[in-house]
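Taking it in order: structure first as structure tokens, then the write-up.
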């Protein structure tokens with residue numbers, strides 16, 4: 001009965017996610033934005049051998065080993081982002097003596113940088129002393145070093161001395177909670193206010209915050225406890241100091257599991273969609289961890305995919321206690337517009353140090369609408385668009401194809417854009433243009449209530465966009 005209840009709740013929320021317009025039968029206004037198949041928001045129905053399949057990033061090289069005296073085998077809560085031509089990384093430096101069951105030195109916040117996202121250096125910042133020397137990459141050594149998480153503020157109104165911001169858990173003069181910080185350069189830090197700005201929660205995790213360019217406000221996601229499980233709370237702010245009362249995120253249709261780090265961010269190619277890589281914590285399996293994937297369109301209700309995106313048997317040393325956390329960040333490497341890189345930890349608690357490994361996603365490639373050799377179709381909900389060409393991110397296998405058709409609100413093929421008139425797409429393209437016998441210009445259908453019909457065989461479709469012809 002409990003499982004049935006979750007299914008019913010899930011179906012209700014899937015309808016709610018469609019928005020009031022979709023429930024009323026009115027079209028969803030897409031404009032020229034890109035849409036991904038990370039949930040069922042735009043899906044009306046599927047038929048045949050077609051399903052939504054969660055994708056896993058491909059393991060690549062180890063990019064960082066935490067082998068400095070002020071680092072160690074419990075370095076964690078990595079943050080990675082691109083800042084112009086520079087890639088920045090922040091993480092906790094700490095070490096645990098398993099034999100003596102104690103930390104060997106105080107926790108500090110460390111910094112690394114890179115020009116390519118693969119080869120990282122640890123600059124000697126000269127800011128804080130460790131072991132009698134300031135020749136180290138310690139970027140912060142005050143309140144909040146357990147989980148000091150940094151982002152570059154994209155708010156156009158952010159002052160120059162607060163272009164970089166951070167959020168971290170700390171205790172000070174009897175006050176406990178999340179403190180906020182600012183920096184003009186990402187290196188020199190100070191408190192914004194001398195008190196915690198969020199006090200409701202548990203916080204012993206990678207709590208994150210960022211500017212949401214679509215909503216025009218700051219979002220934060222932090223660790224809490226709910227019904228005996230580790231869980232996630234969220235709030236919003238206009239000024240990064242005064243926050244709304246935190247609320248529990250909702251994951252309708254998914255079982256209640258321990259979720260530790262959340263790694264929530266907006267997706268750069270479709271910023272109206274939030275994605276996250278919440279870490280499933282498995283205390284009954286030696287406190288092992290595995291990153292999963294979820295998405296949201298309002299920042300509160302998330303569609304959770306239950307399979308791990310980086311399983312514990314991925315290379316290597318990921319099956320131990322807390323040895324498989326996803327870093328917060330999604331970056332593109334220089335000259336590579338086809339992939340996004342993510343990073344995940346390994347070898348936590350093992351040996352003298354831990355490691356950070358890079359993994360690679362196809363752009364938009366978190367979930368695929370996928371059909372096998374028998375083929376299948378996907379029909380979207382009713383929408384309007386404002387584009388001139390239809391672009392599709394797709395990949396076909398041997399003898400595979402993708403065809404796309406437009407139908408009106410009554411399900412009738414739109415003249416000139418019927419499925420039967422589509423030139424099949426074959427190969428592997430990120431922004432492939434759909435063409436029909438009369439060409440690729442769909443501007444005549446802009447503003448009209450439509451549905452897309454995708455016909456696939458031995459193929460995957462990851463996203464689509466009605467785009468300007470100049471894109």
- Which is within 26 Å of the chain's Cα centre (by Cα), under 30 Å from residue 316 (Cβ atoms) and not assigned by TED's automatic domain parsing to the domain that holds residue 87, of 429, 337, 370? 370
- Verdict on residue 289 being more than 22 Å from residue 178 (Cα to Cα) and modelled with pLDDT of 95 or more: yes
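One line per residue, one yes/no per condition, for (1) assigned to a strand (DSSP E or B); (2) closer than 18 Å to residue 325 by Cβ; (3) assigned by TED's automatic domain parsing to the domain that holds residue 462; (4) at pLDDT 95 or above:
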residue: 63; (1), (2), (3), (4): yes, yes, no, yes
residue: 90; (1), (2), (3), (4): yes, yes, no, yes
residue: 106; (1), (2), (3), (4): no, no, no, yes
residue: 113; (1), (2), (3), (4): yes, no, no, yes
- Task: Can you give me the number of residues within region 139-175 that are closer than 25 Å to residue 271 by Cα and either in a loop (DSSP other than H, G, I, E, B) or not assigned by TED's automatic domain parsing to the domain that holds residue 113 (or both)?
- Result: 9
- Does residue 245 count as surrounded by fewer than 22 Cβ atoms within 10 Å (Cβ to Cβ) and within 22 Å of residue 192 (Cα to Cα)? yes
- Which condition number does residue 258 fail, the rest of (1) touching a helix residue (DSSP H, G or I) at 6+ places or on another chain (Cβ under 9 Å); (2) at positive phi being met? (2)
- Message: Take residue 84 and tell me if it is surrounded by fewer than 13 Cβ atoms within 10 Å (Cβ to Cβ) and under 21 Å from residue 340 (Cα atoms).
- Response: yes
- Task: Would you be able to say whether some residue in region 418-429 is exposed (fewer than 15 other Cβ atoms within 10 Å of the Cβ), at pLDDT 95 or above and part of a strand (DSSP E or B)?
- Result: yes
- Message: Residues to consider are 201, 186; find the one that is within 22 Å of residue 289 (Cα to Cα), more than 21 Å from the chain's Cα centre (by Cα) and in a loop (DSSP other than H, G, I, E, B).
- Response: 201
- Query: Among the residues of region 117-136 satisfying the criterion of being touching a residue at least 24 places away in the same chain (Cβ under 8 Å) and surrounded by 13 or more Cβ atoms within 10 Å (Cβ to Cβ), which is farthest from residue 82 (Cα to Cα)?
  - Reply: 130
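A quick yes/no check of all residues on (1) farther than 29 Å from residue 74 by Cβ; (2) surrounded by fewer than 21 Cβ atoms within 10 Å (Cβ to Cβ); (3) not assigned by TED's automatic domain parsing to the domain that holds residue 283:
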site: 202; (1), (2), (3): no, yes, no
site: 212; (1), (2), (3): yes, yes, no
site: 215; (1), (2), (3): yes, yes, no
site: 227; (1), (2), (3): no, yes, no
site: 230; (1), (2), (3): no, no, no
site: 235; (1), (2), (3): no, no, no
- Item | Per-region count, region 104-116, residues touching a residue at least 60 places away in the same chain (Cβ under 8 Å) and more than 26 Å from residue 176 (Cα to Cα) | 2
- Would you check if there is a residue in region 388-406 being modelled with pLDDT of 95 or more, part of a loop (DSSP other than H, G, I, E, B) and surrounded by fewer than 20 Cβ atoms within 10 Å (Cβ to Cβ)? yes
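Tally up the residues in region 28-53 that are under 19 Å from residue 271 (Cα atoms) and in a strand (DSSP E or B), please. Explain how you work it out, then say what you get.
Initial filter on region 28-53 (under 19 Å from residue 271 (Cα atoms)): 28-42.
So of that shortlist, the ones also in a strand (DSSP E or B) come out as 28-31, 34-36.
Adding up the residues that qualify gives 7.
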- Which of the residues belonging to region 218-259 are in a loop (DSSP other than H, G, I, E, B) and closer than 21 Å to residue 292 by Cα? 227, 228, 249, 251, 252, 253, 254, 255, 256, 257, 258
- With the first residue restricted to region 283-304 and required to be buried (at least 23 other Cβ atoms within 10 Å of the Cβ), and the second required to be assigned to a helix (DSSP H, G or I), Cβ contacts under 9 Å at 6 or more apart or on different chains are 296/17
- Message: For region 172-189, check the following and say yes or no: at least one residue is modelled with pLDDT under 95, surrounded by 14 or more Cβ atoms within 10 Å (Cβ to Cβ) and touching a strand residue (DSSP E or B) at 6+ places or on another chain (Cβ under 9 Å).
- Response: yes
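The values are calculated or read from the model by the stated rules, or taken from the named source; none is laboratory data. Everything numeric in this text was worked out from a predicted model, so none of it was measured. Cβ atoms come from the backbone with ideal geometry, glycine included; neighbour counts cover every protein chain shown.
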